[in-house]
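Data block below; observations after.
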Amino acid sequence: MTQPFAPLIGQQQAVELLTQAVAKNRVAPAYLFVGPDGVGRSLAARCFVELLFNSDQNRVRQGNHPDLFWMQPTYLHQGQRLTATQAAEKGLKRKAPPTIRLEQIREITEFLSRPPLEAPRQVVVLEQAETMAEAAANALLKTLEEPGQATLILIAPSIESVLSTLVSRCQRIPFYRLDAAAMTQVLTQTGHGEILQHPAVLSVAAGSPGYAITSYQQLQAVPPELLKTITQLPFSYRQALELAKQIDKDLDTEAQLWLVDYLQQSYWQQKCQPSMIKQLEQARKFLLCYAQPRLVWECTLLSFIIGNH
């Protein structure tokens, strides 16, 4: 018999907690898979579902098992809900990150209103649970209080990022950043060994192979001249304003958030100034709050010039 958790590397504690829950028939009604992005939380959820269903591994992996409901945050475009992948396939550039919407929570409620069709239980997985608006989180709370024959898995980066009332109804499964050996193993096995030749990308990833892959893809997508210019710091107010305009024009929100991470690493190696790291962290918060990106970058880059005079 194959081991469902065999593909998951470097998360022994999570594997032990989840396998013991099944072995002792103590599967919780709800779990919170908490830890950094890109360290295996979604993969662990898929492995756990395979273990719970004890069959139909291909159907679970393809997402077409009748007792599995896998939910991702979405954009709203012309009345249609699109996941980040679907939006990218359509070539849509979005200014705000995707969110889990109240309508999606209602779909979960409808899904759970019927009994399981084939498996012993139904399973609902919510990726990026931290993107739920308060109305959606409150609607989900009612489901968590009476899940019926179901197990819900919420995936989030931290306990603080999810409504405390939701956290209190979930069993927490911790996930951690990987060490260098595990990072090398994951990147090699997934066909991304070339990333190991890019120390800057590995530094940005900070023990997250998923983010290392995303970061490398972003690095290839950013115009090389723009990257070269911005990593050298602007030398005048005019250049700072022009650079902010170019960032806003060339990069979507996701790429700009990646650029914040990349610049934090680059500037720290060049200047070792905590104030610059804090200013970039503030820029990240503003971008996530849907502030006008060009204005965010203008203020951030101008502050670097002022701080270095």
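Which translational diffusion coefficient, to the nearest whole µm²/s, is obtained for the stretch 101-242 from the Stokes-Einstein equation, given a Kirkwood hydrodynamic radius over C-alpha pairs, 25 °C and 0.890 mPa s? Could the numbers behind the result be given before it?
Numbers: Rh = 18.8 Å.
The diffusion coefficient I find is 130 µm²/s.
Between E194 and L163, what FRET efficiency comes out of the Förster formula 1/(1 + (r/R0)^6) with R0 = 45 Å and r the beta carbon distance, rounded to 0.05?
Details: r = 40 Å, r/R0 = 0.90.
Calculated value: 0.65.
Non-local amide H neighbours of V125 (under 5 Å, H modeled in plane, Pro and chain starts lacking H): which ones?
F69, W70, M71, I153
Any idea how far the Cα center of the stretch 125-167 sits from the one of the stretch 247-309, in Å?
One Cα centre to the other: 31 Å.
Quick one: angle between helix 293-307 and the longest Cα principal axis of the chain, in degrees between 0 and 90, rounded to 10, please.
Tilt of helix 293-307: around 50 degrees.
For the chain, what does -39500 (n - 2.57) per DSSP helix run (n ≥ 4), summed and divided by total residues, give at 222 nm, in deg cm²/dmol to the nearest 500? Spell out each step's value before the answer.
Details: 15 runs with 164 residues, N = 309.
About -16000 deg cm²/dmol.
By DSSP, what percent of the beta bridges with both residues in the stretch 12-174 are antiparallel, rounded to the nearest 5? Before the final figure, lay out each step's value.
Values: 4 of 22 bridges.
Approximately 20 percent, going by the DSSP bridge assignments.
Give the aspartates and glutamates reachable from K245 as a straight Cα distance under 16 Å; neighbours fewer than 8 places away on the same chain don't count.
Leaving aside aspartates and glutamates fewer than 8 places away in the same chain, those within reach of K245 are E225, E298.
Using the reciprocal of the averaged 1/r over all distinct C-alpha pairs, how large is the Kirkwood radius of the stretch 222-307 in Å? Mind showing how you got there, number by number?
On the way: mean 1/r = 0.0792 Å⁻¹.
12.6 Å is the Kirkwood radius here.
Which is the longest part of the chain that has none of the trypsin sites (Lys or Arg not before Pro) sitting in a DSSP loop with at most 15 other Cβ atoms within 10 Å? Before the final figure, lay out each step's value.
On the way: sites that count: K24, R26, K90, K93, K95.
It works out to 96-309.
May I ask what percent, to the nearest 5, of DSSP beta bridges between residues of the chain are antiparallel? Provide the component values of the computation, followed by the final result.
Values: 4 of 22 bridges.
Here the antiparallel bridges make up roughly 20 percent for the chain.
Which whole-number percentage describes the relative contact order of the stretch 222-307, with Cα contacts under 8 Å and a sequence gap of 6 or more? Please report the intermediate quantities before stating the final value.
Working: 66 pairs, mean separation 34.7, N = 86.
Rounded, it is 40 percent for the stretch 222-307.
Angle check, please: helix 134-145 long axis (alpha carbons) against the longest principal axis of the chain (alpha carbons), in degrees 0 to 90, nearest 10.
Value to nearest ten degrees: 20.
Regarding the stretch 12-174, what whole-number volume in Å³ per residue does the convex hull of its Cα atoms give? Walk me through the intermediate numbers first.
On the way: hull volume 19.8 nm³, N = 163.
Cα convex hull per residue, to the nearest whole number: 122 Å³.
Expressed as an acute angle from 0 to 90° and rounded to the nearest 10, what is the orientation of the C-alpha long axis of helix 274-288 relative to the principal long axis of the chain?
60 degrees
Mind running the shape call on the chain? Use the C-alpha gyration tensor, a ≥ b ≥ c as the square roots of the eigenvalues: rounded below 1.5 for a/c, prolate if a/b tops b/c, oblate otherwise.
On the way: a/c = 2.24, a/b = 1.70, b/c = 1.32.
Judged from the Cα gyration tensor, the chain comes out prolate (a/c at least 1.5, a/b above b/c).
Which chymotrypsin sites (Phe, Trp or Tyr not before Pro) in the stretch 183-263 pass both tests, a DSSP loop state and at most 16 other beta-carbon atoms within 10 Å?
Details: sites: Y211, Y216, F235, Y237, W258, Y262; in loops: F235.
Sparse-neighbourhood loop chymotrypsin sites (Phe, Trp or Tyr not before Pro): F235.
Students often get this wrong: which residues of the stretch 1-43 have the backbone nitrogen under 18 Å from the point 7 angstrom along Cα-to-C-beta of K142?
Zone members listed by number: none at all.
Along the Cα→Cβ direction, 7 angstrom out, place labels at Q3 and L43. What is the inter-label distance in nm?
1.4 nm
Which value in nm describes the separation of the simple spin-label points at R106 and A206, placed 7 Å from the Cα toward the beta carbon?
The two pseudo-label positions are separated by 3.9 nm.
For K90, go through the lysines and keep the ones whose alpha-carbon is under 22 Å away, minus same-chain ones fewer than eight residues off.
Partners within reach: K249.
Every number in this text was worked out from the coordinates using simple rules, so none of it is lab data. None of these values were measured; they are calculated from a predicted model. Please note: Cβ atoms are built from the backbone with ideal geometry, for glycine as well, and neighbour counts cover all protein chains shown.
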